[in-house]
Amino acid sequence: MFDFKEFLLSNKNKVEEIQKGTDRLVIFGAGNTSRLYEKCFSDDGLKIAGFADNDARKYNKSFLGGYNVVPAQDIRRRYGENVMILISSAMDSVYWSIASQLDGLGHKYITADAYFFANHVDELMECYESFDDEESANLYADLIRYRIDRHRPRLPFPYGDAYFAKPDFVDFVGDEVFVDMGAFVGETLEKYIYLHQGYFGKIYAFEPDEKNFIAMKKRVERLKAEWGFEED
């Protein structure tokens, strides 16, 4: 049986063990994912030495307000021997390619999520314990595990549509409330409206990234006009 808390504490211990032998932190990935992590960097007080990337067009250019970007083979020369690398890519294929590359160079690395989640075990457990049903709790734990170690989820998820495959999210109720946590630019809420033919009680959509939120607001204005929704 998978013990979520034990897994989180094991990750925390692993991160702390790696940190013992390092004195500098480098983020691998000078792109959109790292931009999304920027607030996490500041909120968790990360002292970042710089960024690495495999895109030569980014080398020796300023990123996120002043950080330098170097190729993987220059990390040790630029930042010394005792470096811990956080891989920020969200794509499996890219992550494992970078991991293999860093293994060949003899670097210590973990996912960016592994680092952040190690600092927030209590909050993750509080969220996990808040679910009313076992299926949701297990799926949440499985996805957090995947974000930490990039191994495919243990739970079967054979749905062609990750958001609207289960009947609970497709059946017509009419006055139901749909909550989209991490709504990006509103593409999921638009699909929800389409699938329900415009019948629902309320939609609450949360998006922490400012640019995405602005884009979502523009989409909402378009949807209100196209479907003839009332202002509220």
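The values are calculated or read from the model by the stated rules, or taken from the named source; none is laboratory data. Computed from a prediction, not measured in an experiment: that's the story for all the values here. Here the Cβ is made from the backbone with ideal geometry for all residues, glycine too, and neighbour counts use every protein chain on show. Just the protein is used for accessible areas: all its heavy atoms, side chains included, with ligands, DNA and RNA removed. Shrake-Rupley method; radii C 1.70, N 1.55, O 1.52, S 1.80 Å.
Quick check on the range 31-103: take the gyration tensor over C-alpha atoms, sort the square-rooted eigenvalues as a ≥ b ≥ c, and tell me if it's rounded (a/c under 1.5), prolate or oblate. Since a/c stays below 1.5, the shape of the range 31-103 is classed as rounded. Between Asp44 and Asp103, the simple label model (points 7 Å from Cα in the Cβ direction) yields a spacing of 2.3 nm. Is the C-alpha gyration tensor of the range 1-138 telling us rounded, prolate or oblate? Criteria: a/c under 1.5 is rounded; beyond that, a/b larger than b/c is prolate, otherwise oblate. It is prolate, given that a/c is not under 1.5 and a/b is the larger ratio. Could you check how much of the accessible area of the range 26-162 is carbon and sulfur, as a whole percent, using a 1.4 Å probe? The C+S portion of the solvent-accessible surface of the range 26-162 is 50 percent. For the residue pairs Lys14/Lys108; Lys20/Lys108; Lys39/Lys191; Lys191/Lys224, the alpha carbons lie more than 22 Å apart in Lys39/Lys191. Once the Cα atoms are used to define both axes, helix 32-43 deviates from the longest principal axis of the chain by about 80 degrees. Here the simple spin-label model places points 7 Å from the Cα toward Cβ, and for Glu134 and Arg219 these points are separated by 3.5 nm.
In the chain, Rg over Rh equals 1.02, where Rg is the alpha-carbon radius of gyration and Rh the Kirkwood radius from pairwise Cα distances.
Principal-axis analysis of the Cα atoms of the chain puts helix 210-227 at an angle of about 20° to the longest axis.
Estimated purely from DSSP H runs of n ≥ 4, each contributing -39500 (n - 2.57), the mean residue ellipticity at 222 nm for the chain is -14500 deg cm²/dmol once divided by its residues.
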